[in-house]
Amino acid sequence: MGYENVTQSLTKVIEMKNITKKFGDFVANDSVNLDVFKGKVHALLGENGAGKSTLMNILYGLYSPTSGEILINGKKVDITNPNIAIEHGIGMVHQHFMLIKPFTVAQNIILGREPISKLSVLNMKKALKDVKEISERYGLYVDPNAKIEDISVGMQQRVEILKALYRGAEILILDEPTAVLTPQEIIELIQIIKNLTKEGKSIILISHKLKEIIDAADFCLIIRRGKHIDTVVVSETDEEGLASKMVGREVSFVVAKDHKEAGEEIFSIKDLIVKDNRDIIAVNKLNLSIKKGEILGLAGIDGNGQTELLEAITGLRKVESGKIMINGEDITNNTPFQVISKKISHIPEDRQKRGLVLEFDISENTILENYYKEPFAKKGILQYNNIQVYAKELIDKFDVRPREESKMARTLSGGNQQKVIIAREVSNNPDLLIAAQPTRGLDVGAIEFVHKSLIEQRNKNKAVFLISFELDEIMNVSDRIAVIYEGKIVGIVDAKDAEIETLGLMMAGGGNK
Amino acid sequence: MKLKLKELRKTLYIFATEKTIGFTLISIFLGLVVGAIFLAAAGFNPFQAYWVMLLGVFSKPSYISYTIIRATPLILTGLSIAFAFKTGLFNIGAEGQFIIGSVAATAAGYFLHLPLLIHIPVVIISAVLAAGIWGGIAGYFKAKFGVHEVISTIMLNWIALYFQNFLIYTKGFQKPGGETSYSIQPTANMMILKTWKQSEAGREWLLQHPFWKDLLRTPMNWGFVIAILMAILVWFILNKTALGYRLRAVGFNKFAAEYGGINVNKNMIISMFIAGALAGLAGALQVVGVSHKVTLIAAMEGYGFDGIAVALIANSNALGCILAGLLFGALKYGGTKIQMFPVKAPSEVINIVIGSIVFFISIPKLIKVILTRKNKKEGTK
């Protein structure tokens, strides 16, 4: 049918025409066109750093375009700040959460539009009622009285979505909304998106996950290196078609992995008990072991003790009881420094909070655990020449872009930040590599790279512990799969024999104990 | 003409927003403008006042010397605060650490009897250690009990102040009949050519050399040189050593530092110790170089608080603290000149100027907004 024919009868709510945005000499958007139609989902697809966020920030008033114009409901508008965007009914759910951590869920949602009673007193009762109502209406259940700092990343995402819905946006920009959701939650979200469009709301879905674009979107704009590549009707294409347009080459979806016999057990956890921030038991008598030369995948829904388990292993959280062993040595309640020295490396779940010092440049970040050792420091004096040589080597080997070791980590795209962390951790040559959500928010090309790195590590006869909420990833990459539910391992299966239905059932607590 | 204006604005914009010296200079300029407005409003000629100030700082060797003497403790308290800033801590306690440093220096300078070349280093080291521990207490409280360093250092400031006053009324330390301590031994005095200045030959020579006479009229001492060396040392520690790497990592992102195996609590204590030591050094140099004793104080003298402004003007850059401290010293010393004939303006105006400079530096956003209005639409980020 073609895009032109399909869209002929639809009402345009937003038209972005020939949008160009330059930062100095760098062209972030090069004459990009985007039309959004009433009651439709328009996906925005592109690799990390392709210019998706820039385009949306222009629409949301955070940047002014260098040239081009924006029309809302056929009228030319000048969106110079987010308040104007909100006035025009545009709501945005950011990729990095904009939440006040010590506030409760309800307080965050009503922020800026607080219900007040006669004497300008905050009417918390009504607020709670409103929040409950809206969260039930869209099927995004949250505890309105929980503090943000106590709830999981996945829950925080829900609050962000609710916040935009509470403000009654007509056009909702969702920036990588599913990056942290479980498969079940993604299905729910897609249902929510469908409900919203049914009510006449329009959605812009920024994503590089092809599957959810196919499932949720009506149209899809593809951007590559700032350039407008194509706008397609989603029902007329498939994942391969979208992927090759996005990356500019054919992409393989299957992880290449030879069979490998696992070696002896190197790492084990016995009867581990760990409490969470609220002093509630999060890891409950957990047992686990990993062998040399195998990737053990940990499947589970966010909030079942994964974070606490990881923090306990890496020395960031106190162990109540139980034992953690590596290479025959007890590392229970060791400090992070001791854990690192026992040859355990860790790709952390939250790369901006734990993984990187964003104000440090790439080279300084590559020596985070080794800054005091030769050749990086001699007698306490940093050897910048050696550090630079080392950083350059890693940048080359792990294809970090831009290829400048003096670039601040903050300025890198998410995928390249992750590459810096992986480069650092893998280069420590660990006996056990722990990878927590290593591909969260990354594009197809970068995911391919991360998976290859993990498998390489396994092929070198090292142990790898992969924690992910993406069931596909766990099933593709792991050799064995352990399922965690309410702080316990409820089942371990061989990846060859794993079926998505059984795993899903176990993740929901219905497995055989 | 219009085009040129546009370009000028763009250049100014880049100059002002890149967190550079340019930005600081614009802030200083705006501060002076605000001060001028106040002067004019109070009925004084601002140009004349600033001219008198300029002359009051530069026109005589002794004036320059006094300015440097004024600047020396400010450079060091500025460094103390800048160092803490760089490692993620806000040291409000430089004031108290300064007091502890000067008390310890006075005690070591008066009670100990040591040879000339050894006495001064011993005095300085005792002061630095005492003030370092004073600062370290705040670091320890934060690491162990989670007490915010702003709260604990404010409390420690008052404890230090009353501790000094208490000592001044203590027998053996108090100079009989006065509200001051005994003066330090001559061996602990760091003034340049002190004995020679007062000798017969010295006085004769100086009579024939008016430049030197004027210069040596002041309590000129080695403090400034030590302050500069300290600024270089702090810069070196922060940027070139493994310790500095660790401290900055904790300052920028303590979660990542902890994850990387760095002991966050230990480094907070170290950082506060070093910050305290720097402020204590300021106090010690003031004693060995200028005052030679401590006196009863009714309120905070402000060396530590002025240090906050110095650190802000210097953008927490260690070497920048030298320039910021000098600027501050010049404003403070030059400010006293406009009180006299012919201007006779209140020196408080100088505090307004200093306040405005700090104000403009703290609100880079406003300057950005003023300069960007149009640039934004033209597409410069």
Any chance segment B:108-125 includes a residue that's within 18 Å of the chain's Cα centre (by Cα) and assigned by TED's automatic domain parsing to the domain that holds B:LYS171? yes
May I ask you to list pairs of residues, at least six apart or on different chains, whose Cβ atoms are under 8 Å apart, with the first in segment A:195-212 being of a type in the set (Lys, Arg) and the second being modelled with pLDDT of 85 or more? A:LYS198/A:GLY39; A:LYS201/A:GLY39; A:LYS201/A:GLU170; A:LYS201/A:ILE171; A:LYS201/A:LEU172
Taking segment A:1-20 and the residues there that are touching a residue at least 60 places away in the same chain (Cβ under 8 Å) and in a strand (DSSP E or B), the one that is surrounded by the most Cβ atoms within 10 Å (Cβ to Cβ) would be A:VAL13
With the condition kept exactly as written, say whether any residue in segment A:246-254 is closer than 22 Å to A:LEU433 by Cα, crowded, with 21+ Cβ neighbours inside 10 Å and in contact with a strand residue (DSSP E or B) (Cβ under 6 Å, 6 or more places away or on another chain). no
List pairs: first in segment A:78-100 and under 21 Å from A:ILE148 (Cβ atoms), second of a type in the set (A, V, I, L, M), Cβ under 6 Å, 6+ apart or cross-chain? A:GLY91/A:ALA164; A:GLY91/A:ALA169; A:GLY91/A:LEU172; A:MET92/A:ILE173; A:VAL93/A:ILE161; A:VAL93/A:ALA164; A:VAL93/A:LEU174; A:LEU99/A:ILE148
Please count how many residues of segment A:377-424 are surrounded by fewer than 20 Cβ atoms within 10 Å (Cβ to Cβ), free of Cβ contacts under 8 Å to residues at least 24 places away in the same chain and within 14 Å of chain B (Cβ to nearest Cβ). 9
Can you tell me which of B:MET230, B:MET300 is surrounded by fewer than 24 Cβ atoms within 10 Å (Cβ to Cβ) and at pLDDT below 95? B:MET300
Helices (runs of 4 or more DSSP H) enclosed by segment B:229-326 - at least 2 residues per element that are closer than 21 Å to B:LEU129 by Cβ and assigned by TED's automatic domain parsing to the domain that holds B:PHE360: none
Suppose we keep only residues that are modelled with pLDDT of 95 or more and touching a helix residue (DSSP H, G or I) at 6+ places or on another chain (Cβ under 7 Å) within segment A:425-435. Which one would you say is surrounded by the most Cβ atoms within 10 Å (Cβ to Cβ)? A:ALA435
Boolean, B:THR195 is more than 14 Å from chain A (Cβ to nearest Cβ) and polar (S, T, N, Q): yes
Please go through segment B:265-307 and give me each residue that is under 30 Å from B:PHE145 (Cβ atoms) and among the polar types (S, T, N, Q), ordered by number. B:ASN265, B:ASN267, B:SER271
Kindly indicate whether any position in segment A:341-360 is in contact with a helix residue (DSSP H, G or I) (Cβ under 9 Å, 6 or more places away or on another chain), aliphatic (A, V, I, L, M) and either under 17 Å from A:PHE465 (Cα atoms) or more than 14 Å from every other protein chain (Cβ to nearest Cβ) (or both). yes
Name the residues in segment B:120-140 that are out of contact with any Leu (no Cβ under 9 Å at 6 or more places or on another chain) and farther than 24 Å from B:LYS293 by Cα, would you? B:GLY136, B:TYR140
Looking only at segment A:325-350, which residues are outside any loop (DSSP other than H, G, I, E, B) and either in contact with a Gly (Cβ under 6 Å, 6 or more places away or on another chain) or surrounded by 24 or more Cβ atoms within 10 Å (Cβ to Cβ) (or both)? A:PRO336, A:PHE337, A:VAL339, A:ILE340, A:ILE344, A:SER345, A:HIS346, A:ILE347
Within segment A:467-505, how many residues turn out to be closer than 23 Å to A:GLY322 by Cβ and without any contact (Cβ under 8 Å) to a residue 24 or more places away in the chain? 3
Could you tell me whether segment A:326-337 includes any residue that is away from chain B (no Cβ under 14 Å) and in contact (Cβ under 8 Å) with a residue 40 or more places away in the chain? yes
Could you tell me whether A:PHE267 is aromatic (Phe, Trp, Tyr) and more than 30 Å from A:LEU310 (Cβ to Cβ)? no
Expected output for segment B:127-142 (first residue closer than 14 Å to B:LYS266 by Cα, partner among the aliphatic types (A, V, I, L, M) and surrounded by fewer than 24 Cβ atoms within 10 Å (Cβ to Cβ), Cβ below 6 Å, 6+ apart or cross-chain) is B:GLY136/B:ILE269; B:GLY139/B:ILE269; B:TYR140/B:ILE269; B:PHE141/B:VAL147
Filter result for the condition that a residue is touching a residue at least 12 places away in the same chain (Cβ under 8 Å) and within 14 Å of another protein chain (Cβ to nearest Cβ), over B:LYS332, B:LYS240, B:LYS254: B:LYS254
Select the strands (runs of 3 or more DSSP E) contained entirely in segment A:217-316, then report the ones holding at least 3 residues which are in contact with a Ser or Thr (Cβ under 6 Å, 6 or more places away or on another chain) and more than 30 Å from A:PHE37 (Cα to Cα). A:265-275
Among the residues listed as A:LYS40, A:LYS22, A:LYS12, the single one being within 14 Å of another protein chain (Cβ to nearest Cβ) and in contact with a strand residue (DSSP E or B) (Cβ under 9 Å, 6 or more places away or on another chain): A:LYS22
Restricting attention to segment A:52-73, the residues that are away from every other protein chain (no Cβ under 14 Å) and over 21 Å from A:ASP218 (Cα atoms) number exactly 1
A:GLU456 meets each of (1) touching a strand residue (DSSP E or B) at 6+ places or on another chain (Cβ under 8 Å); (2) without any contact (Cβ under 8 Å) to a residue 40 or more places away in the chain with one exception, condition (1)
Has segment A:124-137 got at least one residue that is touching a helix residue (DSSP H, G or I) at 6+ places or on another chain (Cβ under 7 Å), among the β-branched types (Val, Ile, Thr) and within 27 Å of A:LEU298 (Cβ to Cβ)? no
If you check A:LYS373 against the conditions, is it within 12 Å of another protein chain (Cβ to nearest Cβ) and either surrounded by fewer than 18 Cβ atoms within 10 Å (Cβ to Cβ) or touching a Phe, Trp or Tyr at 6+ places or on another chain (Cβ under 6 Å) (or both)? yes
Taking the stated definitions as given, is B:LEU55 modelled with pLDDT of 90 or more, in a helix (DSSP H, G or I) and exposed (fewer than 15 other Cβ atoms within 10 Å of the Cβ)? yes
Could you grab me the full set of residues in segment B:163-186 that are outside any strand (DSSP E or B), closer than 13 Å to B:VAL287 by Cα and touching a residue at least 60 places away in the same chain (Cβ under 8 Å)? B:TYR182, B:SER183, B:ILE184, B:GLN185
Name the residues in segment A:475-490 that are within 25 Å of A:ASN284 (Cβ to Cβ), outside any strand (DSSP E or B) and in contact with a Leu (Cβ under 7 Å, 6 or more places away or on another chain), would you? A:SER478, A:GLY487
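The values are calculated or read from the model by the stated rules, or taken from the named source; none is laboratory data. Given the structure is predicted, the values throughout are model-derived calculations rather than measurements. Backbone-built Cβ (ideal geometry, glycine too); neighbour counts: all protein chains shown.
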